1. For S20, S96, what ranking results if the residue with the fewest other Cβ atoms within 10 Å of its Cβ goes first?
2. Would you list the P(r) distribution for segment 146-188, with all Cα-Cα distances sorted into 5 Å bins from 0 and each bin expressed as a whole %?
3. Order by neighbour count: I164, I109, fewest other Cβ atoms within 10 Å first, most last.
4. Can you tell me which aspartates and glutamates have their Cα less than 17 Å from the Cα of K159? Leave out same-chain residues fewer than eight positions away.
5. Near the amide H of A37, under 5 Å away, which other amide H atoms are found, from residues 5 or more places off or on another chain, if H is placed in the peptide plane?
6. Rounded to whole Hz and in sequence order, give me ³J(HN,Hα) for segment 23-28 from the Karplus expression 6.51 cos²θ - 1.76 cosθ + 1.60, θ = phi - 60°, writing x for Gly and Pro.
7. Which of Y185, Y145 comes first, and how do the rest follow, when ranked by fewest Cβ neighbours within 10 Å?
8. Taking θ as phi - 60°, what are the ³J(HN,Hα) couplings along segment 175-187 by the Karplus curve (6.51, -1.76, 1.60), each to the nearest whole Hz, with x for Gly and Pro?
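What follows is calculated from the coordinates using simple rules that are stated; it is not laboratory data. As the structure is a prediction and not an experimental result, all values here were calculated from the model. FYI the Cβ positions are ideal-geometry reconstructions off the backbone, even for glycines, and counts take in every protein chain you see.
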Amino acid sequence: MLFLKEAVFAHQTTGAIAPSSRHLARVIVDKAGVKSARRILELGPGTGVFTEQILRTKADHAHFVALERNENFASRLRHRFPQTAIVQGCATELPSHAATHEIHEADSIVSGLPWTIFDPTLQRTILEGIHNVLGGDGVFATFAYFGPHWLPGGQSFRKMLRSIFPETHTSPVVVRNLPPAFVYYCRK
């Protein structure tokens, strides 16, 4: 219910009507290389579906920080995952937040950000910040809904993503998600 409320009242920062499924969470965490990562960042954890999968998958010694702009989501995440660093802040400030938490070169960055509601300037600012924080062998993973990715906004995002991350791949479509989605996973 919280997710639907935030989707209605905070529609500028919440871009879905339902949380991602655990099936999508497993795919994105796998494609992001979380299992072998030492330094992990999550952008836009929302209600924590990806966060929970990251915590299940990551090595015990891995350093993990989640960055959530929405105050209500951040508060709930801190309560739900008290041993996890949940930072309330904007993804446009990722390099600063990462440095504050001593993550200078992330091995894995997982994003649940609602790219389609961001204008191209904001998309580029965030993607360039991700590129700057990602280590040389790191992986950045985000997702897109299947179908809308063929619309002009989806095509524009894909083109921008590939211009910043020349090594960009896509997963098979995860049909057990509402709506079906796929994962972009990228390296520098």
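1. Numbers: S20 21, S96 13.
Fewest to most other Cβ atoms nearby, the residues stand as S96, S20.
2. Pair shares across the bins are 6, 23, 26, 25, 16, 5.
3. Details: I164 16, I109 30.
With the sparsest Cβ surroundings first, the list reads I164, I109.
4. List returned: D119, E128, E167.
5. Those lying under 5 Å, H to H, from A37 are A59.
6. Taking θ as phi minus 60°, the curve returns 5, 5, 4, 5, 5, 5 Hz for segment 23-28.
7. On the way: Y185 23, Y145 18.
Arranged by neighbour count, lowest to highest, Y185, Y145 become Y145, Y185.
8. Taking θ as phi minus 60°, the curve returns 6, 8, 9, 10, x, x, 9, 9, 10, 8, 10, 9, 10 Hz for segment 175-187.
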